[in-house]
Amino acid sequence: FTGYSNVLQLKETNFTRLCKSKSMMTVNDSFPGPVIRIHRGDLVYVNVHNQDDFGVTIHWHGVKQTRNPWSDGPDHITQCRIQPGTNFTYKVIFGEDQEGTLWWHAHSDWTRASVHGAIVILPAEGTTYPFPKPDGEHLVVIGSWFSGDLNKEFEEFFSNQTFESLLDDNAFTINGEPGDLVPCGRETTDRYLVDYGKTYLLRIVNAVVNVELFFAISEHNLTIVGTDGTYTKPKVISYIMIAPGQTMDVLITTNQSLGHYYMGARRFTTFSENVSFDNMTATAILQYRGNYTPPVVPSFPTNLPTFHDSESGLGFLPLLRSLATPEHPVNVPLNITTRMFITASINLINYTHEGTEISHLGGSLNNITFMDPSSSVLLAYYRHISGVYTTDFPDYPPSFYNFTGDMHTRPMSVVGTKVRVFNYNESVEIVFQGTNLQGQASDHPMHLHGYTFYVVGMGYGVFNNETDPKSFNLVDPSERNTITIPKNGWVALRFLANNPGVWLWHCHIDRHLIWGMDTTFIVKNGETPETSMLPPPAYMPSCAVQSPI
Ligand code: C2O
Ligand code: CU
């Protein structure tokens, strides 16, 4: 291990996009925030100073944090917020096999919209990529731009319980810039300068808050070589679909005529076709160096699918395969000891808040709408404090698996802080079933903290427990930390529960997450939490000061 120390300063900074200025929470005054660039096997310390007026936590998305949930970051799950004027040091422990691109982001309310950055994990010294060394590399961090004050709007949203009408992104950005096609964008569009006849590695991060994205480059094919900090078999394609939370490493060859080419990112949605969204495209420019007259307008990627193109969007999902070589082996569990079926849906919840009965849309997993505890699940588990969570997250037997009825009516879900407990080395298979209600149907990119998992199967309609497992890929399934449950479909994944700790599982569409489409896994090892994981750091942010929400 080599030690790296980084300091992240959280504070308000002024930015102007779409011809309008606003102040927002940023890290080190930059949007997106700074890149953490390390080699495989490195250990990283990050000291976060909160000079903003909003409490916040930071999550290292996709980093396994072996036996160290204390530094994982999700608010109310593994820690309480770093309050204004205080600081906290994260010890970021990568899995030994993690290499490629990951990212970090704030994990409190919607603060991650402006507080995020990439993590680049280069091959360990003395080793190299499983593909010819690229001539250069470039980050493509795709983000959301909200014209208003997001944190304020978020608080209003909660106090009014207007759960169905939260503001949408006003634009998407590539490396912080919305690009040529939006008002006042042209001056600052992100550019990547390349030479003819070379190969470049693009590390793409979908850091937007609520939306799956298409990404393409005019006239250039993409060769996908990695995703979520793992390598894949090379896959040549004209566009990618990338869910919030996912990263994708792609190679491009600069073999087109000298010129300027747009890279474009735009929304992909399976949400009701009747809903029209702003079909905005964020652009950046791939610019060849050399002697030529630059075009007035770069060429547009005609290979970029339109936002309702489900065939291109969902068709992309099953394409990726693990590299599966001796250097980058597949460790998919073969003898499953624990099978779970988890339904993901948007339905109605009702509960009493300050004496009034409230009913609104909620997200749920197995019909449980997760309620954040006021303290932290990890702290309660470690210190044997009762009353913070219960361990009765339901397992549904396959016989429950019948969603052929009329889904127009919205069932009520139960609100609770229900977690699922696993024993060490349980060999787990989870089938996620989208049970979306008609009119509310959409994809759900599910993300597991503390692990990667193998995506062994995927399909549409209702999972069939007799026939579908026969087609599972146990040879070179894609290894991920975030995978989309396709609209009205299912996805099956496997992992070995070998990382003791407390780990959040959630839809990475933040709108669904704050609606309660999440749960928590506790992985034990032996009788006491004290012996199964690293001890807490000397200073953890106090859970006594609570956020207003
Ligand atoms: Cu990208 Cu719970 O995280
Ligand atoms: Cu979702």
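Annotations
- Check on Asn291, out of contact with any strand residue (DSSP E or B) (no Cβ under 6 Å at 6 or more places or on another chain), under 12 Å from His220 (Cβ atoms) and surrounded by fewer than 17 Cβ atoms within 10 Å (Cβ to Cβ): no
- Selection status of Asp109, away from ligand 2 (no atom under 16 Å from the Cβ), at positive phi and more than 13 Å from the chain's Cα centre (by Cα): yes
- Looking only at residues in region 2-22 that are aliphatic (A, V, I, L, M) and in a strand (DSSP E or B), the one that is surrounded by the fewest Cβ atoms within 10 Å (Cβ to Cβ) is Val7.
- In the condition set (1) exposed (fewer than 14 other Cβ atoms within 10 Å of the Cβ); (2) under 24 Å from the mean Cα position of the chain (by Cα); (3) touching a residue at least 24 places away in the same chain (Cβ under 8 Å), Ile358 is compliant with all but (2).
- Pairs linking a residue in region 190-206 that is farther than 18 Å from Ile224 by Cβ to a residue that is of a type in the set (Lys, Arg), with Cβ atoms under 8 Å and 6 or more positions apart or on different chains, are Leu193/Arg289; Val194/Arg289; Asp195/Arg289; Tyr196/Arg289.
- The set of residues from region 417-451 being of a type in the set (D, E, K, R) and at pLDDT below 95 comprises just one member, Asp443.
- 2 or more residues away from ligand 2 (no atom under 16 Å from the Cβ): qualifying strands (runs of 3 or more DSSP E) within region 310-400: 338-353, 356-365
- For region 459-494, taking the residues that are more than 19 Å from the chain's Cα centre (by Cα) and among the aliphatic types (A, V, I, L, M), the one that is surrounded by the fewest Cβ atoms within 10 Å (Cβ to Cβ) is identified as Val475.
- If you go through region 500-527 and keep only what is hydrophobic (A, V, I, L, M, F, W, C) and either part of a loop (DSSP other than H, G, I, E, B) or within 13 Å of ligand 1 (Cβ to nearest atom) (or both), you end up with Val502, Trp503, Leu504, Trp505, Cys507, Ile509, Leu513, Ile514, Trp515, Met517, Phe521.
- Test: Ser471 is in contact (Cβ under 8 Å) with a residue 12 or more places away in the chain, touching a Leu at 6+ places or on another chain (Cβ under 6 Å) and more than 16 Å from ligand 1 (Cβ to nearest atom): no
- Residue count for region 111-124, restricted to those that are touching a Ser or Thr at 6+ places or on another chain (Cβ under 9 Å) and part of a loop (DSSP other than H, G, I, E, B): 2
- Residue match in region 87-98 (condition: within 12 Å of ligand 1 (Cβ to nearest atom) and either crowded, with 24+ Cβ neighbours inside 10 Å or more than 14 Å from the chain's Cα centre (by Cα) (or both)): no
- Condition broken by His105, with the remaining ones in (1) part of a loop (DSSP other than H, G, I, E, B); (2) touching a Lys or Arg at 6+ places or on another chain (Cβ under 6 Å); (3) within 14 Å of ligand 1 (Cβ to nearest atom) satisfied: (1)
- Candidate set from region 65-79 (those that are in a loop (DSSP other than H, G, I, E, B) and crowded, with 24+ Cβ neighbours inside 10 Å); member that is nearest to ligand 1 (Cβ to nearest atom): Pro74
- Looking only at region 341-355, and only at residues there that are buried (at least 17 other Cβ atoms within 10 Å of the Cβ) and either out of contact with any helix residue (DSSP H, G or I) (no Cβ under 9 Å at 6 or more places or on another chain) or at pLDDT below 75 (or both), the one that is farthest from Gly516 (Cα to Cα): Ile342
- Where Asn291 falls short, out of the listed (1) within 21 Å of the chain's Cα centre (by Cα); (2) assigned to a loop (DSSP other than H, G, I, E, B); (3) more than 16 Å from ligand 1 (Cβ to nearest atom): (1)
- Single residue of region 386-406 satisfying the filter (within 30 Å of Pro536 (Cα to Cα) and surrounded by 13 or more Cβ atoms within 10 Å (Cβ to Cβ)) that is modelled with the lowest pLDDT: Pro394
The values are calculated or read from the model by the stated rules, or taken from the named source; none is laboratory data. Remember, predicted model here, so these are calculated numbers, not experimental data. Heads up, the Cβs are rebuilt from the backbone with ideal geometry, glycines too, and the neighbour counts pull from every protein chain shown.
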